Amino acid sequence: MSDEMPDPADRAAEEPYAPAAPAPLGVDRALTGHAPVDAHLARLADADHLPADGHLEVYEDVHRGLRDELTSLDAHPAPRPYDNRS
């Protein structure tokens with residue numbers, strides 16, 4: 001029997017690297033009261049269950065949706081029908 005302790009570097013080389021499993025960040029998302037915006041923000045929770053390399057796709061999708069919602073605010077409303085009752 002040997003009293004010699006194994007070198008930790010040798011042991012690390014034998015054990016394969018296993019990254020931590022995805023875990024929610026626990027960031028609260030407050031509702032805005034605007035259903036389309038809230039739906040896009042809720043989509044951020046999808047990133048909680050993905051490895052880091054999958055986050056970008058979710059973030060880009062949410063960003064695109066929010067940008068489209070903001071752009072729609074610049075659209076001119078449809079003209080109102082003329083009301084000649086007065």
Arrange the following residues from fewest to most other Cβ atoms within 10 Å of their Cβ: V27, V58.
V27, V58
Check each of the trypsin sites (Lys or Arg not before Pro) in the stretch 45-86 and keep only those in coil by DSSP with at most 14 other C-beta atoms within 10 angstrom; list them in order.
R85
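Tell me the net charge near P22. Cut-off is 11 Å between Cβ atoms, P22 excluded, with +1 for each Lys or Arg and -1 for each Asp or Glu.
Here the charged neighbours net out to -3.
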Using the count of nearby Cβ atoms within 10 Å as a rough guide to exposure, how do R29, R43 rank from fewest to most?
R29, R43
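When a/c reaches 1.5 or more, the comparison of a/b and b/c decides; with that in mind, is the stretch 30-74 rounded, prolate or oblate per its Cα gyration tensor? Walk me through the numbers on the way to the answer.
Details: a/c = 4.49, a/b = 1.70, b/c = 2.64.
It is oblate, given that a/c is not under 1.5 and a/b is not larger than b/c.
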Residue by residue, what Karplus-based ³J(HN,Hα) values in Hz, rounded to whole numbers, does the stretch 39-52 have, using 6.51, -1.76 and 1.60 with θ = phi - 60° and x for Gly and Pro?
5, 5, 5, 5, 4, 4, 5, 4, 5, 4, 9, 10, x, 3
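Every number here is computed from the coordinates shown, using simple stated rules; none is lab data. Quick caveat, the model's predicted, so the values are computed rather than measured. Positions of Cβ are backbone-derived with ideal geometry, glycine not excepted, and every protein chain shown enters the neighbour counts.
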